[in-house]
Amino acid sequence: MESIKIDYSRQKNQGGPTYNTMNNGAHPTPYSDGTLAIHIMYADSPILKDIEISNVYGSGICIWKCTDAIIQNVTTYNVSANQVLSADGKNESVDHFGYSIWSGASANTKISNCKAFNYRVYSCDPKLKSPHNNEQYDGKICGYIGIYCEYSPIQGNKNIESIHYEWLSDENTDKRGYAKVINCFVRGYTFGFKSESLMYIHFDNCKAIYNYIGFSIQASALIENCYINGLTIDYERCPQQGIESQRGGVCFSWWSGENNLHEQYLLNSYIESRKYQCISLGKGTVTIQHNTLRIYESAALIKTVTSFELAKVKISENRLIIDNIKPITSPEHIRITNTQKLIFQRTIFIIYQTHHVN
């Protein structure tokens, strides 16, 4: 598929909570998930190139159980949705929908030179608030994930498989999948980039701006030469408390598999934050090396945000900049807990302050 433009400006469903109101704007309890612009399943070496998708309430591109997919030079504008609140308004919904690009259960996907711009926000009664942290939904980001890859090729293998999967079975010991995301940009989603469920991803030269979490790494991954900026979105709280509690430029954690199987790397990258930590640690084995972390106001550099155990954390040869942090009673610029082994070495601290720091 090449040189295609899709514009859903006249889409009837814009995310209302009922059939009669679904054209009134994005709502945390929408009538439906919206639509999906491009869906490719069970294909060998599909190529999607030079594609523009705009004004879709729903999602952009989904590839499922494909091999060697190439997604290149794709731009999406306001391709998003998110049904974060259950219909009764008492709990968060089980899962969400509304992404730019998703590679699911596909082997060796390459996503390059893609951009996802999202400016869609919830439009609802300002009195409608999260049941978990009492944060209002109106005016907050309506968008799930910009670009992500998850699930090994074995996922749901009893269904139809791509021709290259004939040898796979539930008993196979290597359930990993692999993907590359290169030279991509994401703006305006709950998660900018994300990995999960045994999908090993290499992120290179990507930018995440104005997302609640820039990179959510829930599987083994390498992030290098990337830029994450939370300077504006840090002034907004996320209505989803589970996400709010792990906010950060990069969130390293793990939602599937055993701790000692996962290696997560952040190299040669630049992260800026005003309120939250540049890096959130959850569980896994993490290496943070040759990066620049810069914090302002009430932000932190690195913090553990869960009670799970980290197998190993290595922090080496980084530049940590503390730039006019506001005076607070108990500053914790770095807090690393529940770690079997911690290596902290060869780090440069640069402090710009107009007042005394304890």
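If the condition is being modelled with pLDDT of 90 or more and surrounded by 15 or more Cβ atoms within 10 Å (Cβ to Cβ), then segment 334-346 contributes Ile334, Ile336.
Being in contact with a Leu (Cβ under 8 Å, 6 or more places away or on another chain) and either in contact (Cβ under 8 Å) with a residue 40 or more places away in the chain or more than 26 Å from Lys180 (Cβ to Cβ) (or both) is a description that applies to Ser59.
How many of the residues in segment 194-237 are buried (at least 24 other Cβ atoms within 10 Å of the Cβ), over 19 Å from Trp102 (Cβ atoms) and touching a Gly at 6+ places or on another chain (Cβ under 6 Å)? Number of matching residues: 2. Considered as a group, the residues in segment 76-106 that are of a type outside the set (A, V, I, L, M, F, W, C), more than 15 Å from Cys184 (Cβ to Cβ) and under 15 Å from the mean Cα position of the chain (by Cα) include one that is surrounded by the most Cβ atoms within 10 Å (Cβ to Cβ), and that residue is Ser80.
Looking only at residues of segment 301-332 that are part of a loop (DSSP other than H, G, I, E, B) and at pLDDT 90 or above, we find that the one that is surrounded by the most Cβ atoms within 10 Å (Cβ to Cβ) is Asn318.
Please verify whether Tyr122 is more than 12 Å from Tyr189 (Cβ to Cβ) and in contact with a His (Cβ under 8 Å, 6 or more places away or on another chain), treating the condition exactly as stated. Quick ask: steps written out before the conclusion?
Working: more than 12 Å from Tyr189 (Cβ to Cβ): yes; in contact with a His (Cβ under 8 Å, 6 or more places away or on another chain): yes.
So Tyr122 passes the test.
Of all residues in segment 199-217, exactly one satisfies the criterion of being among the polar types (S, T, N, Q) and under 17 Å from Lys283 (Cβ atoms), namely Ser216.
Within segment 14-30, the residues that satisfy the criterion of being closer than 17 Å to Tyr144 by Cβ and either of a type in the set (Ser, Thr, Tyr) or in contact with a Cys (Cβ under 6 Å, 6 or more places away or on another chain) (or both) are Ala26, His27, Thr29. The set of residues from segment 42-56 being in contact (Cβ under 8 Å) with a residue 40 or more places away in the chain and more than 17 Å from Val181 (Cβ to Cβ) comprises Tyr42, Ala43, Asp44, Asp50, Glu52, Ile53, Ser54, Asn55, Val56. Within segment 8-32, if we keep just the residues that are polar (S, T, N, Q) and touching a strand residue (DSSP E or B) at 6+ places or on another chain (Cβ under 9 Å), the residue that is surrounded by the fewest Cβ atoms within 10 Å (Cβ to Cβ) turns out to be Ser9.
Within segment 24-42, take every residue that is small (Gly, Ala, Ser) and assigned to a loop (DSSP other than H, G, I, E, B) and give me the one that is nearest to Ile70 (Cα to Cα).
Within segment 24-42, the match that is nearest to Ile70 (Cα to Cα) is Gly34.
If you go through segment 63-87 and keep only what is more than 19 Å from Cys142 (Cβ to Cβ) and of a type outside the set (Val, Ile, Thr), you end up with Trp64, Lys65, Cys66, Asp68, Ala69, Gln72, Asn73.
Against the condition modelled with pLDDT under 95 and buried (at least 17 other Cβ atoms within 10 Å of the Cβ), how does Gly58 come out, does it pass? Quick ask: steps written out before the conclusion?
Details: modelled with pLDDT under 95: no; buried (at least 17 other Cβ atoms within 10 Å of the Cβ): yes.
Considered against the rule, which asks whether it is modelled with pLDDT under 95 and buried (at least 17 other Cβ atoms within 10 Å of the Cβ), Gly58 comes out as no.
For segment 243-256, does any single residue satisfy the condition of being surrounded by 19 or more Cβ atoms within 10 Å (Cβ to Cβ), of a type in the set (Lys, Arg), farther than 22 Å from Ile348 by Cβ and at pLDDT below 95? Yes, segment 243-256 contains a residue that is surrounded by 19 or more Cβ atoms within 10 Å (Cβ to Cβ), of a type in the set (Lys, Arg), farther than 22 Å from Ile348 by Cβ and at pLDDT below 95.
The values are calculated or read from the model by the stated rules, or taken from the named source; none is laboratory data. Only a predicted model underlies this, so the values are computations on that prediction, with no experimental measurement involved. Every residue, glycine among them, receives a Cβ derived from its backbone with ideal geometry; neighbour counts consider all protein chains shown.
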